[in-house]
Structure formats: structure tokens, C-alpha cells
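Q: Structure provided below as C-alpha cells; questions to follow.
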Amino acid sequence: MNLEALRHSTAHVLASAIKELYPKAKPAIGPSIEDGFYYDFDNLEITDKDLAKIEAKMQEIINKKLEFKVYN
């Protein structure tokens, strides 16, 4: 997997983790970028204290070893 694809996939993992932890959060946009990735959400307010919980949920999703597919 190339770096851009990895960053794109990681953005999806982040979105999935956020939706599991904060079901009312509305995903907006989440591209890969030159230095990594990001994801914007409407109506979501988190603080630095929430990051460990989000990271743990992302790791839980990653540990499921779900298959990623590329659609063109």
C-alpha cells in the first residue's frame, strides 16, 4: 500500500472511530494531505483529553484487520 492510500485509509479509520464514540457526529470531509490526513466533523467538540480514547478505538478497528478495497 502506498503512503497516500495508507493516509486515506487511516482517515476512514478515524471517521469510523469517531462515529462509534460520538454517534451524533456528522462527517464532513477527510482527505489525505501531504503530511498525513485529517477529518472534519460537524457538531463535534473534543479536547486533548479525548484523543487517547479516539486512538484506542482506532487501534481496536485496526486490530479487526478489515479489508480495504479501492473503488475507481
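No value in this document is a laboratory result; all are computed from the given coordinates. It should be emphasised that the depicted structure is a prediction, and the values quoted were computed from it without experimental measurement. Note that we place each Cβ from the backbone using ideal geometry, even for glycine, and neighbour counts take in every protein chain shown.
Q: Would you mind putting 5-17, 57-69, 22-34 in packing order, based on average other-beta-carbon counts within 10 Å, highest first?
A: With the highest mean Cβ count within 10 Å placed first, the list reads 5-17, 22-34, 57-69.
Q: Can you give me the angle between helix 3-21 and the longest principal axis of the chain, using Cα atoms only, in degrees from 0 to 90, rounded to the nearest 10?
A: The answer is roughly 30 degrees.
Q: Work out from phi, with θ = phi - 60° and the Karplus expression 6.51 cos²θ - 1.76 cosθ + 1.60, the ³J(HN,Hα) of each residue of segment 47-55, listed in order in whole Hz, and give x for Gly and Pro.
A: Computed from phi, the couplings for segment 47-55 are 10, 4, 5, 7, 4, 5, 5, 5, 4 Hz.
Q: Sum up the charges of everything whose Cβ sits under 10 Å from the Cβ of SER32, counting Lys and Arg as +1 and Asp and Glu as -1, but leave SER32 out.
A: Its environment carries a net charge of -2.
Q: Oh, and also: Let me make sure I get this right: for the chain, a, b and c are the square roots of the gyration tensor eigenvalues over alpha carbons, sorted descending. Under 1.5 in a/c it's rounded, otherwise prolate if a/b > b/c, else oblate. Which is it?
A: Prolate shape, in that a/c is at least 1.5 and a/b is the bigger ratio.
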